[in-house]
Amino acid sequence: MTNYPIIKTYCFVAGVSGGHILPALNLAHDVKQHDPHARIIMITTHGDLDAKVLQQNTDLEHHALRMRAVPYRQWYKLPLFGYQAVTSFFQSLRILYEAKPERVITTGSHIALPVCAAAWMLRIPIELVALDVEPGKTLLALAPLATTVTVSFEQTKNYFPKSHCTLRPYPLSAYIRSLSSDREQLLQELGFDPAKKTVLIVGGSQGSVSLNNAIKALITAHSVIAQTIQIIHQTGSSDATNWPAFYAQHGIIAHAFAYDPQLVRYYTAADCIITRAGSGSLHEILYLKKPCIIIPLITNTTQHQRANAHAMRERHPDLVQVIEQDALKESPDLLLQSIEQSFI
């Protein structure tokens with residue numbers, strides 16, 4: 001008699017940003033590693049980033065739902081939002097009813113609202129994964145429906161019922177956990193000088209331009225740093241500056257690019273990393289024990305990065321320095337002082 005493996009199904013929900021999608025994929029791959037026969041369903045929005053990321057993960061079953069973000073300040077878009085939310089709810093109900101997953105796991109994004117509502121109606125356990133110190137609006141709204149909540153920071157437990165919360169390490173990718181690039185070899189590939197200090201600048205997407213402006217002001221005012229440092233710079237796609245020409249003009253050895261899917265490879269070459277305060281980037285950098293200067297992104301709609309930055313400074317005071325965005329605007333030399341401090 002042939003014994004067929006019992007196939008369990010798990011549903012992951014995330015969308016819109018890499019900060020939601022990538023850790024959800026890491027969790028999905030962890031499940032696959034422990035249970036190769038598991039069926040993994042990934043539900044995302046219909047956005048370009050969601051589709052692009054999922055194209056690289058063909059081992060997962062992907063469903064894209066067409067639903068825009070909650071129009072908090074654009075009331076006239078509420079009817080369209082309501083229509084898309086209801087449609088997405090019934091689509092989710094069909095997907096989950098047919099798949100009968102063991103549980104639905106979400107790292108956030110508005111697309112989780114109709115999916116988790118459908119899961120709750122079908123009595124499917126719901127797991128919220130809160131990766132930032134201050135959880136987003138979606139996770140807070142879904143808390144009453146959740147069976148369990150896992151958090152990456154102890155402070156995050158204050159936002160949820162204590163009985164539901166479990167502290168769990170950030171879901172790093174298998175790639176970062178196995179990263180073993182040879183630093184000297186990578187510097188040689190880049191044409192860098194092994195005698196100089198290497199600074200990696202990572203602005204992300206939303207926060208790249210203002211960080212780039214701070215770097216530009218620093219180098220223009222202190223071109224003498226070309227004697228001691230070289231730069232790897234992810235500039236983002238929103239900045240029209242010709243960065244290779246700018247660095248060449250100031251005599252700085254540099255490798256500048258808008259985007260690189262293997263960005264974490266450059267972490268191994270860095271003596272210091274200047275970064276925003278996305279939870280994923282910070283956990284990757286500090287997993288590799290790299291000194292970093294965190295400049296949290298603060299906008300009218302984004303405040304949570306400050307809490308991430310200061311929580312990481314408390315956790316790793318020997319590796320982390322934090323510069324507030326407003327303080328950097330008033331005194332650009334703070335960044336130079338922090339870079340020099342990181343080399344001590």
Residue in segment 281-296 that is nearest to the chain's Cα centre (by Cα), counting only those that are surrounded by fewer than 22 Cβ atoms within 10 Å (Cβ to Cβ) and part of a helix (DSSP H, G or I): His283
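Pick from segment 241-267 the residues that are of a type in the set (Ser, Thr, Tyr) and surrounded by fewer than 19 Cβ atoms within 10 Å (Cβ to Cβ): which of them is farthest from the chain's Cα centre (by Cα)?
Let us first name the residues in segment 241-267 that are of a type in the set (Ser, Thr, Tyr), namely 241, 247, 259, 266-267.
Okay, now just the ones that are also surrounded by fewer than 19 Cβ atoms within 10 Å (Cβ to Cβ), so 241, 259.
Details: Thr241: 25, Tyr259: 14 Å.
Among those residues, the one meeting the criterion is Thr241.
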Ile176 fails exactly one of the following numbered conditions: (1) under 26 Å from the mean Cα position of the chain (by Cα); (2) in a loop (DSSP other than H, G, I, E, B). What is the number of that condition? (2)
State whether one or more residues within segment 132-140 are among the polar types (S, T, N, Q) and either part of a helix (DSSP H, G or I) or at pLDDT 95 or above (or both). yes
If Tyr72 satisfies all but one of (1) within 19 Å of Ala112 (Cβ to Cβ); (2) assigned to a helix (DSSP H, G or I); (3) at pLDDT below 80, what's the number of the condition it fails? (2)
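Condition check ((1) farther than 29 Å from Ala311 by Cα; (2) touching a Leu at 6+ places or on another chain (Cβ under 8 Å); (3) in the same structural domain as Asp50 (by TED's automatic domain parsing)) across all residues:
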position	(1), (2), (3)
Met67	yes, no, yes
Val86	yes, no, yes
Gln91	yes, yes, yes
Ile95	yes, no, yes
Ala112	no, yes, yes
Ala117	yes, yes, yes
Thr138	no, yes, yes
Ala143	no, yes, yes
Val151	no, yes, yes
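So, in segment 6-43, how many residues would count as being under 17 Å from the mean Cα position of the chain (by Cα) and over 16 Å from Arg103 (Cα atoms)? Can you show your working first?
First, pick out the residues of segment 6-43 that are under 17 Å from the mean Cα position of the chain (by Cα): 12-29.
The next check asks that each one be over 16 Å from Arg103 (Cα atoms); those that pass are 15-23, 26.
Qualifying residue count for the region: 10.
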Top-ranked residue in segment 225-240 [being more than 22 Å from Val264 (Cβ to Cβ) and at pLDDT 85 or above; ranked as surrounded by the most Cβ atoms within 10 Å (Cβ to Cβ)]: Ile225
Flag if Ile344 is in contact with a helix residue (DSSP H, G or I) (Cβ under 7 Å, 6 or more places away or on another chain), over 27 Å from Gly108 (Cα atoms) and assigned to a loop (DSSP other than H, G, I, E, B): no
Determine if segment 95-117 includes at least one residue that is without any contact (Cβ under 8 Å) to a residue 40 or more places away in the chain, more than 27 Å from the chain's Cα centre (by Cα) and more than 17 Å from Ala14 (Cα to Cα). yes
Matching residues, segment 278-291, being in contact (Cβ under 8 Å) with a residue 40 or more places away in the chain and either closer than 21 Å to Ser17 by Cβ or not assigned by TED's automatic domain parsing to the domain that holds Pro317 (or both): Gly278, Ser279, Gly280, Ser281, His283, Glu284, Tyr287
Here are Ala214, Ala240: which of them is touching a Pro at 6+ places or on another chain (Cβ under 8 Å) and outside the structural domain of Gly19 (by TED's automatic domain parsing)? Ala214
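Among Leu200, Leu186, Leu211, which is in contact (Cβ under 8 Å) with a residue 12 or more places away in the chain, outside any helix (DSSP H, G or I) and either closer than 24 Å to Gly19 by Cα or out of contact with any Leu (no Cβ under 8 Å at 6 or more places or on another chain) (or both)?
Of Leu200, Leu186, Leu211, the one residue that is in contact (Cβ under 8 Å) with a residue 12 or more places away in the chain, outside any helix (DSSP H, G or I) and either closer than 24 Å to Gly19 by Cα or out of contact with any Leu (no Cβ under 8 Å at 6 or more places or on another chain) (or both) is Leu200.
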Considering (1) of a type in the set (A, V, I, L, M, F, W, C); (2) without any contact (Cβ under 8 Å) to a residue 40 or more places away in the chain; (3) under 30 Å from Gln33 (Cα atoms), say which one Ile176 fails and leave the rest. (2)
Hits in segment 167-219 (condition: closer than 21 Å to Asp333 by Cβ, surrounded by fewer than 18 Cβ atoms within 10 Å (Cβ to Cβ) and hydrophobic (A, V, I, L, M, F, W, C)): Val209, Ala217
Do you know which of the residues in segment 53-94 that are surrounded by 12 or more Cβ atoms within 10 Å (Cβ to Cβ) and within 24 Å of Tyr259 (Cα to Cα) is nearest to the chain's Cα centre (by Cα)? Val53
I need a count of the residues in segment 245-264 that are assigned to a loop (DSSP other than H, G, I, E, B), within 12 Å of His233 (Cα to Cα) and not aliphatic (A, V, I, L, M). 2
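The values are calculated or read from the model by the stated rules, or taken from the named source; none is laboratory data. Please read these numbers as outputs of a predicted model, since none were measured by experiment. All Cβ positions, even for glycine, are placed from backbone atoms using ideal geometry, and neighbour counts span all protein chains on display.
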